[in-house]
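Everything below concerns the one structure shown next.
The values are calculated or read from the model by the stated rules, or taken from the named source; none is laboratory data. Here the structure is a predicted model, which is why all the values come from computation and not from measurement. Virtual Cβ from ideal backbone geometry, glycine too; neighbours counted across all protein chains shown.
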Amino acid sequence: MIYIKEAILHIFDLNSNEPIFSFAGLDLTEKFTFDYLHAMIEKVEGSDNMKTGILSEDNSLVQSFNAIQDDFTETTKTLTEKFFSITKLNPEIPPADLLFVYFTLDEVPCLGLFKLNYSDSITHYISYEEETLTNQLIVNRSILPNARQAIQEGMVLQLSNLEYHVIEKKHLITELAEKMFYFTELFLEDKPQPSLKENISMIKKAVQKTSKAFNDEEFQVLADTKDALVHSMTEENVIDNKVIAETLYGNNQEKKEKFFEEIKELGYVDKAPAEVAVVGPKYTKQKFRLDNGIEISIPIELYRDPEVVEFINNPDGTTSVIIKNIEKIKNLF
């Protein structure tokens, strides 16, 4: 359960390239504000892009994070200064406001930091010229994301143990002439573990490379991989690479060794927490695109039922797909 105690918004002034600090918190009695803060927290906690890390005690921000509960407003100013000192030197990083939220999550004290990137929107304004009222259009370049929009960068930090959950994007850092995760690498000065989405991507790449090395039919192995992933996430709430390897390769030690070699090289983290609900509805179906343009979507629980669907390898090297026991067909036009 989320209980919000304080929240404050600091603005990045596009004209001066400097922050405009707030000296008082947001009004939490406003329902739309309260709902907005809840939405920001949930967008980080419920994202398959979320990465996890733990700050060391000698991290340069620990002193500030420890002061949050005692002096929320002044501490957020200090954090904002460091954050904007990075973004203002790197024009590829989108300008934004910083929203800080001090709250408890299941009675654990937490700090939320959310980067609200600006977007452009057209609005009206009223001008008076020579006593003539004229309605005009103007571009507002500081529109914040609404509660339904995904945010690209944000963090929830548990103040008790300095464990953080973060979503972020790579941006070009001018001084280094390369893209990097500046939120964690430059602001937090830390490197989190890969996200659930990144871990799944690594598994997929390792399977593809293993399939290529042994000339296996890639579409079939990837379908089996998705099946194994869903099973591991549903039953164990983790992605266990040993379970994946056992499901795909059985007693073939050579393929297993190749698979383990590939995922290690890619940086995969074994048995990282994973929930199938987080990765979304695409993991409820097996989807195939055939080279003749036909696309097939099969519920994952029916994919392995030979009474429903069958893939047949033909002598000429082609593959046939048989859909069986159809009683009724509905057009989804």
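Data table
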quantity: Residue 93 being part of a strand (DSSP E or B), at pLDDT 90 or above and aliphatic (A, V, I, L, M); calculated: no
quantity: Hits in region 216-262 (condition: in contact (Cβ under 8 Å) with a residue 40 or more places away in the chain, assigned to a loop (DSSP other than H, G, I, E, B) and buried (at least 17 other Cβ atoms within 10 Å of the Cβ)); calculated: 239
quantity: Residue list for region 275-303, filter: at pLDDT 80 or above and either in contact with a His (Cβ under 7 Å, 6 or more places away or on another chain) or part of a loop (DSSP other than H, G, I, E, B) (or both); calculated: 290, 291, 292, 293, 294, 300, 301, 302, 303
quantity: Number of the exception - residue 263 against (1) at pLDDT 85 or above; (2) more than 21 Å from the chain's Cα centre (by Cα); (3) not acidic (Asp, Glu); calculated: (2)
quantity: Test: residue 78 is without any contact (Cβ under 8 Å) to a residue 60 or more places away in the chain, among the polar types (S, T, N, Q) and in contact with a helix residue (DSSP H, G or I) (Cβ under 7 Å, 6 or more places away or on another chain); calculated: yes
quantity: Test: residue in region 73-81 that is under 24 Å from residue 273 (Cβ atoms), in the same structural domain as residue 144 (by TED's automatic domain parsing), more than 21 Å from the chain's Cα centre (by Cα) and not small (Gly, Ala, Ser); calculated: no
quantity: Residue within region 119-130 that is in contact with a His (Cβ under 9 Å, 6 or more places away or on another chain) and either in the same structural domain as residue 181 (by TED's automatic domain parsing) or surrounded by fewer than 10 Cβ atoms within 10 Å (Cβ to Cβ) (or both) present; calculated: no
quantity: Condition met for residue 156 (under 21 Å from residue 99 (Cα atoms), of a type outside the set (Gly, Ala, Ser) and touching a His at 6+ places or on another chain (Cβ under 8 Å)); calculated: yes
quantity: Qualifying positions in region 19-52 - crowded, with 19+ Cβ neighbours inside 10 Å, in a helix (DSSP H, G or I) and of a type in the set (Lys, Arg); calculated: 43
quantity: Residue in region 72-86 that is at negative phi and not in a helix (DSSP H, G or I) present; calculated: no
quantity: Qualifying residue in region 166-177 (condition: touching a strand residue (DSSP E or B) at 6+ places or on another chain (Cβ under 7 Å), part of a loop (DSSP other than H, G, I, E, B), buried (at least 18 other Cβ atoms within 10 Å of the Cβ) and among the hydrophobic types (A, V, I, L, M, F, W, C)); calculated: no
